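Single-structure report; data block below.
Only the coordinates and a few stated rules stand behind these numbers; no lab work does. Bear in mind the structure is a predicted one, so any value in this text is a computation, not a measurement. Glycine also receives a Cβ, built like all others from the backbone with ideal geometry; neighbour counts cover every protein chain displayed.
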Amino acid sequence: MMGGISILSFLAVVFLASKTALCATSATKASSVYQNNVRNWGPQLAMKGNSKTSTGYFHSKAEKSPWLTVQIPDSVLGSVIVINRKDCCGSRLKNLEVKAGMKGGHKAVATFKGPGKTGGEARITFKHPVRANLLSFQLKPSAYRNKIRKKRCLKSRFTGRTYCHHYWLYYGPTKYHNQYLQINGIRLEKFRTWASSVYPNTRGKGDINKWGSQLALEGTTKRISTGYFHSKLQHKPWLLVRLPEAYGLLSVTVINRKDCCGKRLINLQVRAGMSHSLHNKVVGFFKGPGRIGGHHKIRFVHGVNAGYISFQIVAPGSHYLQINGLRFGRFETSASSVYPDGPGKGNINKWGPQLAMPGGAHKDTGYFHSKAEHRPWLRVEIPLQRLRGITVINRKDCCGERLKNLEIRAGMRRSLHNRLVARLSQGKTGGSYTFHFRRPVTAKYISFQIVAPGKHYLQINGIRLL
């Protein structure tokens, strides 16, 4: 009898211990754990990560489509950084689909094509701001079929010669590679918002859950009177948004409330820059009036690098500010090189490619400047649009003659071989050169490259899209 009681007691202790362990890891779940060793490779290590050894990070078994889900505090996300394992095998991180949203309704927001690098950090930017308390990461299935190389020969009726070529013949059922999902750390890049006021509830206090500033980013898709940002009736109401990282911006789309009162969105001034204030440079203006449920795109005067963006109604009198969602028209840049500040790496803060779009610098920094090299280039990724022309601005302090034999190409390929749309033979210090295309070009990428023989510097102090 005593033996039976001791056995039951032991089983009860084991059950309680296992239940406690499950609760401890309930914030993270995974399809599997490598060698079933939760201590060394469990899903709870995905957020902690930063391991430099062969243990201490999340590692799944070899599966068709392994996955990991992570519960996070309710927040609005713009991107997420996934840290790869640091000891080896970083190339396994590829075709990673990220889903985000509220529990029970999260959806795909981004994909990392990869492959990753050992110890590398992959920044995965979402298509638009997403309010989320749940994240999931899953490797897409990698399909393959058996194949055999074959040879086919045909005799020409005109020349009498026989021409042969080889090809692959695929046969059998579709199969899938087994894959490992390995994550050594996750960093969330969040939006933050502030507002002049929040519309009050029946008790007279601003109701953040119904109309708080955080709801301006994603808002609601339903025609209801809550779930978006709504200020009090006041003079010059405003909303300030801190972006997850410094964005290169060309435009912003403001989504209006969907149930009523769209005409309240008038005389909206947009400022963007690196200062946590309402006094950054004015980049856009929406005269209005807005439409109920309207998507109002505000194109900026020129590209701007911004960590903060503000919205303020500047019309006389008292007004409501109501925003049901924001979509950012971003640009991203890359270059063959960046001019160095002394020996060593290029100084991105002084001459990085991100400075080519806004430009406007009157001194020897603040614009894009490459190293002296053969065929230096700059590539800009923009939101998909129809281009009718482009303006290129030269540096203003000196050395404008360096901008010569410049080829400008635009199109849909992420390369330097899109359609040639303009040429600049010789530039001058401070010069501004506008090119109107013969016919509009649908483009997502624009490239600039000096094609003269020898080594050259590429220097651009502003780009304007027409």
(request) Quantify how much of the Cα-Cα distance distribution of segment 27-189 extends past 21 Å, in percent. (result) 53 percent
(request) Could you sort out which of Lys350/Lys428; Lys64/Lys99; Lys140/Lys175; Lys103/Lys263; Lys61/Lys190; Lys103/Lys190 sit more than 24 Å apart by Cα distance in this structure? (result) Lys103/Lys263; Lys61/Lys190
(message) Tell me the mean residue ellipticity at 222 nm calculated for the chain from its helices only (DSSP H runs of n ≥ 4, each -39500 (n - 2.57), averaged over every residue, nearest 500).
(response) -2500 deg cm²/dmol
(message) Give me the Å³ per residue figure for the convex hull around the C-alpha atoms of segment 191-330.
(response) 95 Å³
(request) Using per-residue counts of other Cβ atoms within 10 Å, averaged over each peptide, order 367-375, 164-172, 452-460, 415-423 from highest down. (result) 367-375, 452-460, 415-423, 164-172
(request) Would you mind checking the radius of gyration and Dmax of the chain based on alpha-carbon positions, in Å? (result) 28.0, 100
(request) Quick one: which residues, 5+ away or cross-chain, put their amide H under 5 Å from the amide H of Gly284? H built at 1.01 Å from N. (result) Val270
(message) Projecting each Cα onto the charge dipole of the chain (Lys/Arg +1, Asp/Glu -1 at the beta carbon, about the Cα centre), which of Gly346, Cys398, Pro66 comes out farthest on the positive side?
(response) Pro66
(message) Taking only the Cα atoms of segment 334-395, how large is their convex hull per residue, in Å³?
(response) 104 Å³
(message) Beyond a 25 Å Cα-Cα separation, which of these cross-linked pairs lie in this structure: Lys107/Lys147; Lys48/Lys86; Lys127/Lys396; Lys127/Lys222?
(response) Lys107/Lys147; Lys127/Lys396
(request) Please report Ser142, Ser425, Ser310 as a ranked list, fewest other C-beta atoms within 10 angstrom at the top and most at the bottom. (result) Ser425, Ser142, Ser310
(message) Report the Cα-based extents of segment 208-248 along its three principal axes, largest first, to the nearest Å.
(response) 33, 28, 16
(message) Counting just the Cα atoms, what span does segment 332-465 cover along each of its three principal axes? Round to the nearest Å and put the largest first.
(response) 43, 29, 26
